[in-house]
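We did not get these values from a lab; they are worked out from the coordinates using the rules stated. Keep in mind it's a predicted model, so treat the numbers as computed, not measured. A quick note on method: Cβ atoms are made from the backbone with ideal geometry, for glycine too, and the neighbour counts reach across all protein chains shown.
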Amino acid sequence: MKQYLQLCQRIIDEGEWVHNERTGINCLTVINADLEYDVEHNQFPIITTRKSYYKAAIAELLGYLRGYDSAAQFRDIGCNTWNANANENPSWLANPHRKGEDDMGRVYGVQGRAWQRPDGSQFDQLQKVVDDLTNGVDDRGEIVTFYNPGELEMGCLRPCMHTHTFSLLGGKLYLTSYQRSCDVPLGLNFNQIQCFVLLALMARITGHQPGKVFHKIVNAHIYENQLELMRDVQLKREPYPSPQLHINPEIKTLHDIETWVTKDDFSIEGYQYHPPIKYPFAV
Ligand SMILES: Nc1nc(=O)c2c([nH]1)NC[C@@H]1CN(c3ccc(C(=O)N[C@@H](CCC(=O)O)C(=O)O)cc3)CN21
Ligand SMILES: O=c1ccn([C@H]2C[C@H](O)[C@@H](COP(=O)(O)O)O2)c(=O)[nH]1
């Protein structure tokens, strides 16, 4: 929580204004932030200076791991975060690749689970990593990347947290996650949780002890219309201690994640938080 607040403060103290063409909104911006999450000691990185809807963040991750490509699929598992990008962005609505209502195109999970090879066959990046790690193999290329430069125009938004690299060392599993663009008030609240849960789940289903997540962010920003709430409300609050995450012990395989796991297989004990803050969302 402390590192999150420090990043927010750094953006306010050192950020530079950048006009964002896609949304038409100015962003207070810094380049490069390194965050770490201690999964080994279950220090769940949930925001406490406002209410966090952490289950929606976990549902979004489950949708990515299942290869979802429709905002309706995300809604069905308790996550509303893709409705606007799938259905309200004028440039995506006019894109000939859009297949209709709720279609997100060839984003995140499509690339992660069904990367299209030149011969037309598909490659399941996540399955390869799960198989290797289960066999104790780290070939220094245990990478799942959602970023396919040749198909960016076929999706409603370019993936933000785009590459996850897993490493085995000293009997522990580590995760390094790369993010090209980060909406710190809204997106990072979700992304921190997703990094943590991704490592916890991968350690569980491949039979390893989890270590740490290293979360590397390039462009970290606060939109102009979010600044006052962050500076004058959220940053004035004192954080509470981190709660612990509990994951249903029945989750044991990738197949479980693909078939029956829901956001309710995750719970936290002793989450203390300040009142909700509703930040504006830039489409
Ligand atoms: N401008 C922008 N910021 C983002 O963070 C973002 C995008 N666009 N587009 C793609 C995804 C969607 N993500 C989102 C979208 C909405 C919320 C959001 O509204 N969160 C609210 C309430 C969530 C709820 O009630 O479930 C919050 O207060 O955290 C969070 C992340 C993250 N990404
Ligand atoms: O997981 C996510 C997804 C998206 N975001 C934010 C970062 C930016 O504010 C927008 C994407 O806009 P681009 O113009 O494509 O950079 O969404 C996030 O923080 N986390």
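A few notes on this one:
- Lysine pairs in the chain with Cα atoms under 24 Å, if 8 or more residues apart or on separate chains: 26
- Among the GluC sites (Glu not before Pro) within the range 222-283, those in coil by DSSP and having at most 13 neighbouring Cβ atoms inside 10 Å are GLU250.
- This model, with +1 at the C-beta of Lys and Arg and -1 at the C-beta of Asp and Glu, gives the range 206-283 a dipole about its Cα centre of some 320 debye.
- Whole-angstrom gap from the range 171-223 to the range 20-51, using each part's C-alpha centre: 10 Å
- Share of Cα-Cα pairs in the range 170-265 lying beyond 17 Å, as whole percent: 63 percent
- Contact order relative to length of the range 17-125, as percent, for alpha carbon pairs under 8 angstrom and 6 or more apart: 18 percent
- If R0 is 35 Å, the Cβ-Cβ spacing of GLU224 and ILE268 corresponds to a FRET efficiency of close to 0.60.
- Here is the list for the range 229-261: trypsin sites (Lys or Arg not before Pro) lying in DSSP coil, each with at most 14 other C-beta atoms within 10 angstrom of its C-beta, are LYS252.
- Relative contact order (%) - the chain, alpha-carbon pairs under 8 angstrom, separation at least six: 28 percent
- DSSP beta bridge pairing in the range 102-219, given as percent antiparallel to the nearest 5: 65 percent
- Under the convention that each Lys and Arg Cβ holds +1 and each Asp and Glu Cβ holds -1, the size of the dipole of the chain around its Cα centre is about 300 debye.
- Beta bridge orientation in the chain: antiparallel %, DSSP, nearest 5: 75 percent
- From its DSSP helices (H runs of at least four residues, each -39,500 (n - 2.57)), the chain gives a residue-normalised ellipticity at 222 nm of -9000 deg cm²/dmol.
- Annotation for the range 54-140: trypsin sites (Lys or Arg not before Pro) lying in DSSP loop with at most 12 further Cβ atoms inside 10 Å of their Cβ are LYS99, ARG140.
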